[in-house]
Amino acid sequence: MSARQKLYWLLVAATTLVYGALIFGYGPQLIGMSSFGGWPFDLRMGGYSAQEARSYIASLGADGVALYIGPVMWLDTFFPAMFALVIGIAMWTLLAKRGRVLQVGSALITVAYMVFDYLENATLYKMMSIDLDLLPDNLIENASRWTILKFTFVDAMITILVTLLILRLVNKKAESPTPDGETG
């Protein structure tokens with residue numbers, strides 16, 4: 001295994017650890033701190049309304065908000081770039097023989113995901129740092145929009161990656177020799 005490959009797999013492992021901490025460590029804590037078991041904003045693929053956002057923040061209480069905008073946000077500062085690199089490098093590598101245009105297109109999709117995730121994080125931080133009585137609807141609408149756009153691009157990234165992996169497996173099977181020496 002080359003040094004680049006080792007570095008890539010180290011990045012995959014680190015990204016998995018950060019994701020695991022966010023989802024399996026802090027996720028259940030935030031859900032448990034919410035008086036009605038609501039999902040954290042970052043995991044609401046379909047977004048949320050102003051009323052839902054205010055209810056969720058109020059249900060978290062001061063300790064839940066502190067957890068969300070503290071350790072959770074700190075970890076989520078690293079995750080978007082790490083995830084974009086892991087998926088982006090995989091797509092770039094799998095598209096190596098399919099042309100630079102497709103590679104650049106896939107890279108743009110991962111960058112778009114990352115931008116929307118960081119916009120979501122920044123808006124959520126601002127949203128959760130404001131007194132609920134002063135929290136403007138348009139700030140909540142923006143955060144919800146960034147969340148939806150983030151997941152739109154995550155879906156695109158995962159769909160492209162899975163498709164490329166399937167194509168690679170099909171091509172390898174077609175190129176592998178059969179018992180009689182023929183390929184495919």
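The values are calculated or read from the model by the stated rules, or taken from the named source; none is laboratory data. Given the structure is predicted, the values throughout are model-derived calculations rather than measurements. As a convention, Cβ positions derive from the backbone with ideal geometry for all residues, glycine included, and neighbour counts pool all protein chains shown.
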ask   = Residues in the range 1-60 that are of a type in the set (Lys, Arg) and within 17 Å of Met127 (Cα to Cα): how many?
value = 2
message = I need every pair where a residue in the range 103-129 that is in contact (Cβ under 8 Å) with a residue 24 or more places away in the chain and surrounded by fewer than 21 Cβ atoms within 10 Å (Cβ to Cβ) has its Cβ under 8 Å from the Cβ of a residue that is outside any helix (DSSP H, G or I) and not β-branched (Val, Ile, Thr), sequence separation at least 6 or different chains.
response = none
ask   = Being closer than 20 Å to Leu165 by Cα and assigned to a loop (DSSP other than H, G, I, E, B), is that true of even one residue in the range 77-96?
value = yes
query = In the range 14-49, what residues are of a type outside the set (Ser, Thr, Tyr), buried (at least 16 other Cβ atoms within 10 Å of the Cβ) and outside any helix (DSSP H, G or I)?
reply = Gly38, Pro40, Arg44, Gly47
request  = Would you please list the contacts, defined by Cβ atoms under 6 Å and residues six or more apart or on different chains, that run from a residue in the range 38-60 that is without any contact (Cβ under 8 Å) to a residue 60 or more places away in the chain and within 18 Å of Leu135 (Cα to Cα) to a residue that is of a type outside the set (Gly, Ala, Ser) and part of a helix (DSSP H, G or I)?
outcome  = Pro40/Leu30; Leu60/Met33
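Which residue, of Ser2, Ser49, Ser34, is on the phi < 0 side of the Ramachandran plot, small (Gly, Ala, Ser) and in contact with a Ser or Thr (Cβ under 7 Å, 6 or more places away or on another chain)?
Values: Ser2 fails: in contact with a Ser or Thr (Cβ under 7 Å, 6 or more places away or on another chain); Ser49 fails: in contact with a Ser or Thr (Cβ under 7 Å, 6 or more places away or on another chain).
Going through Ser2, Ser49, Ser34 in turn, just one is on the phi < 0 side of the Ramachandran plot, small (Gly, Ala, Ser) and in contact with a Ser or Thr (Cβ under 7 Å, 6 or more places away or on another chain): Ser34.
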inquiry  = Given the condition more than 20 Å from the chain's Cα centre (by Cα) and among the hydroxyl-bearing types (Ser, Thr, Tyr), answer yes or no: does some residue in the range 58-73 qualify?
reply    = yes
ask   = Which residue, of Phe83, Phe78, is touching a Phe, Trp or Tyr at 6+ places or on another chain (Cβ under 8 Å), in contact (Cβ under 8 Å) with a residue 24 or more places away in the chain and of a type in the set (Phe, Trp, Tyr)?
value = Phe83
ask   = Scanning the range 36-55 for residues that are of a type outside the set (D, E, K, R) and out of contact with any helix residue (DSSP H, G or I) (no Cβ under 8 Å at 6 or more places or on another chain), which turns out nearest to Asp76 (Cα to Cα)?
value = Ser55
ask   = Are there any pairs, at least 6 apart or on different chains, whose C-beta atoms fall under 6 Å, with the first in the range 132-155 and under 16 Å from Leu43 (Cα atoms) and the second of a type outside the set (Lys, Arg) and exposed (fewer than 15 other Cβ atoms within 10 Å of the Cβ), and if so, which?
value = Phe151/Met45
query = Does the range 10-28 include one or more residues that are over 24 Å from Met114 (Cβ atoms) and either at pLDDT below 95 or among the hydrophobic types (A, V, I, L, M, F, W, C) (or both)?
reply = yes
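Would you point out the residue of the range 130-164, among those that are of a type in the set (Ser, Thr, Tyr) and crowded, with 16+ Cβ neighbours inside 10 Å, that is nearest to the chain's Cα centre (by Cα)?
Thr147
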